[in-house]
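Down below is the structure, laid out as structure tokens.
The values are calculated or read from the model by the stated rules, or taken from the named source; none is laboratory data. A quick note: this is a predicted structure, and the numbers were derived from the prediction, not measured. Counting neighbours? That spans all protein chains shown, and the Cβs are built from the backbone with ideal geometry, glycine included. Side chains included, ligands, DNA and RNA excluded: accessible areas come from the protein's heavy atoms. Shrake-Rupley method; radii C 1.70, N 1.55, O 1.52, S 1.80 Å.
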Amino acid sequence: MTPAPPTPELLALGWTDDLQEALNAALKVAAPDDRPGLHPARVAGVGRSSLRLWAADGEHDALLTGAMRQDPDTQPVMGDWVIAQTLADTPERRVTALLPRRTTFARAVNGGLGRQVITANVDTVLIVTAPDQDFDLPRLGRYVAAVQASGAQPALILNKTDLTPDPQRYLTELGALAPDAPLHAVNARTGDGLGGVRALLSPGLTAALIGSSGVGKSTLTNALLGREAAQTGGLMAEGLGRHTTTARTLYRVPGGGLLVDNPGLRDIAVWDPEGVAADPARIEEIAADCRYRKCTHTGEPGCAVQRAVARGEISAEQVQAYQARRAPARRGAGRPRR
């Protein structure tokens, strides 16, 4: 059986030559009777045991096999490409395989010992902040690091520029986090500066929005889509935007491209298994400057490790991973160095 060439609908959803090769390989080993019912689709919604798929012939609901539900490494997430099988005498489909991910945006969990995949196959991640209480360079730097670790390209967006008389000061600090990344100052509510952001979206490419709750991601989504697709909130008493996005949503952008609006991320722990493994030497080097010889790095005064966390030099999750891998807590913490 010779696979049919990809349709314009699949190409618009981000289908690539690498995905076509993976699909061809999967069809070769599939049972001959099953092959006609196997089709690629992109994940546009995730439920407990089902998915919402976008395919060449439209939108469909699909069930996950038991094996895929039980294995975190094969559970599809927003943006994944999967192989779905049409079931006989029913409009439902069943997901039978996860196709290789081109990019994987994830965060570390369990003290850096595991990961949670957030989205997959994203080309550009728009990191959104505002010139208010949300502007936190160490945290924004962790966003940038997580995007770079995913394989996607970061872009930095300063929204709500009307909140400051001097947005350039914020832009200069943002630009230092990723000198090669696109940098844009916008006011999503009025549309100012959106031309440069729209230029990042084109047919076949996928962008995702991340940032804290209240920075205007949903307002920016609506501005890019040209319609009120995402719910937005007003301002709380202290001037911060209200959190409105509660689930990841995939949108088709007019003129081409796809956009994922993510719920607010208060912070992110960068998933980097090689980095976590190498961190003990770095943490021990920093710990040499702690006030106490047997400092536990959990709250003692003069703790150099906690100072490094506060400065963004290392993450709290990396410290937790380091502590989890150490021998049981040493006795005698709290003795000053001599």
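Residues that are outside any loop (DSSP other than H, G, I, E, B) and within 20 Å of LEU53 (Cα to Cα) within the stretch 113-125 comprise VAL117, ILE118, THR119, ALA120, listed in sequence order.
A search for C-beta distances below 7 Å between a residue of the stretch 203-217 that is within 20 Å of ALA106 (Cβ to Cβ) and any residue that is open to solvent by less than 10 Å² (accessible area, probe 1.4 Å) and hydroxyl-bearing (Ser, Thr, Tyr), counting only pairs 6+ apart in sequence or on different chains, returns ALA208/THR119; LEU209/THR221; ILE210/TYR143; GLY211/THR129.
Remark: pairs (first residue in the stretch 66-78, in contact (Cβ under 8 Å) with a residue 12 or more places away in the chain and more than 21 Å from ALA208 (Cα to Cα); second residue of a type in the set (Val, Ile, Thr) and in a loop (DSSP other than H, G, I, E, B); Cβ separation under 6 Å; 6+ apart in sequence or on different chains) = MET68/THR74. Candidates in the stretch 172-194 are the residues that are part of a loop (DSSP other than H, G, I, E, B) and in contact with a Pro (Cβ under 7 Å, 6 or more places away or on another chain); of these, the one that is farthest from VAL144 (Cα to Cα) is ALA181. If only one of ALA41, ALA55, ALA30 is of a type in the set (Gly, Ala, Ser), under 25 Å from GLY255 (Cα atoms) and touching a Leu at 6+ places or on another chain (Cβ under 7 Å), which one is it? One residue alone meets the criteria, ALA41.
Among the residues making up the stretch 132-141, a single one is under 25 Å from ALA199 (Cα atoms) and surrounded by 21 or more Cβ atoms within 10 Å (Cβ to Cβ): LEU140. Filtering the stretch 195-219 to residues that are surrounded by fewer than 17 Cβ atoms within 10 Å (Cβ to Cβ) and in contact with a Leu (Cβ under 7 Å, 6 or more places away or on another chain) leaves ARG198, GLY204. Annotation note: of LEU140, LEU156, the sole residue that is in contact with a His (Cβ under 9 Å, 6 or more places away or on another chain) and under 22 Å from PRO263 (Cβ atoms) is LEU156. I'm trying to understand the selection: among the residues of the stretch 195-220, which are hydrophobic (A, V, I, L, M, F, W, C) and in a helix (DSSP H, G or I)? Across the stretch 195-220, the qualifying residues are VAL197, LEU220.
Being part of a helix (DSSP H, G or I), under 22 Å from the mean Cα position of the chain (by Cα) and under 19 Å from SER212 (Cα atoms) is the requirement here; does VAL128 meet it? When the stated conditions are applied, VAL128 does not pass them.
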